[in-house]
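This report refers to the structure that appears directly beneath it.
The numbers here are math on the coordinates, done by the rules we state, and not lab data. No experiment lies behind these values; they were computed from the predicted model shown. Counting neighbours? That spans all protein chains shown, and the Cβs are built from the backbone with ideal geometry, glycine included.
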Amino acid sequence: MKTHEVISIKEAELVAKLKVMPIDELESHAKQIVKDMGSDNYPGLMREIMTAIKEQAPEGNSQFQIIQAIIREFLPNEAYMSDIYARLAAIIMMVLSKKFNDTLNKL
């Protein structure tokens, strides 16, 4: 699947597709969207997201909302699609979830 397909696919279909994608493909899409939004600093974005989730999640804030807010603040270009932040947040949440599960499975 190409990144432009991830951006344009119906939301209901997107979640199902993301669930079966390998981590490297998910990260490739995330990196491309981040780049399209004006930043080459995907690792920096992930670092900010992980720090914010760790600090804010216990306060009852939705992780999805936290991630979207960080993406909006982090990326220099404003979204050309109203739901691009939500789509990127969904991809990043899937990356984090899969990496966490992979780590647990290795224990």
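On a straight-distance basis, which lysines could pair with residue 2 in a cross-link, Cα separation under 29 angstrom, same-chain partners fewer than 8 positions away excluded?
Within the straight-line cut-off, residue 2 pairs with 10, 17, 19, 31, 35, 98, 99.
In Å and from the alpha-carbon atoms only, list the Rg and Dmax of the chain.
In Å, with Rg to one decimal and Dmax whole: 13.4, 42.
Write down the radius of gyration of the range 46-107 and its Dmax, each obtained from C-alpha positions, in Å.
Taking only Cα atoms of the range 46-107, I get Rg and Dmax of 12.6, 42 Å.
As a footprinting exposure proxy, order 72, 87 by other Cβ within 10 Å, with the fewest listed first.
The fewest-first ordering by Cβ neighbours comes to 72, 87.
Relative contact order for the chain: what percent, with Cα pairs under 8 Å and sequence separation of 6 or more?
Numbers: 72 pairs, mean separation 35.5, N = 107.
The normalised contact order for the chain reaches 33 percent.
Under the rule of -39500 (n - 2.57) per DSSP H run of 4 or more residues, summed and divided by the residues of the chain, what mean residue ellipticity at 222 nm is obtained, to the nearest 500 deg cm²/dmol? The partial results should precede the final answer.
Details: 6 runs with 80 residues, N = 107.
Rounded to the nearest 500, it is -24000 deg cm²/dmol.
Of the residues 54, 31, 19, which exhibits the maximal mean-square fluctuation in a Gaussian network model of the chain defined by a 10 Å Cα contact cut-off?
54
Which order do 64, 100, 74 fall in if you start with the one that has the fewest other Cβ atoms within 10 Å?
Values: 64 13, 100 10, 74 16.
Least to most surrounded, the residues fall as 100, 64, 74.
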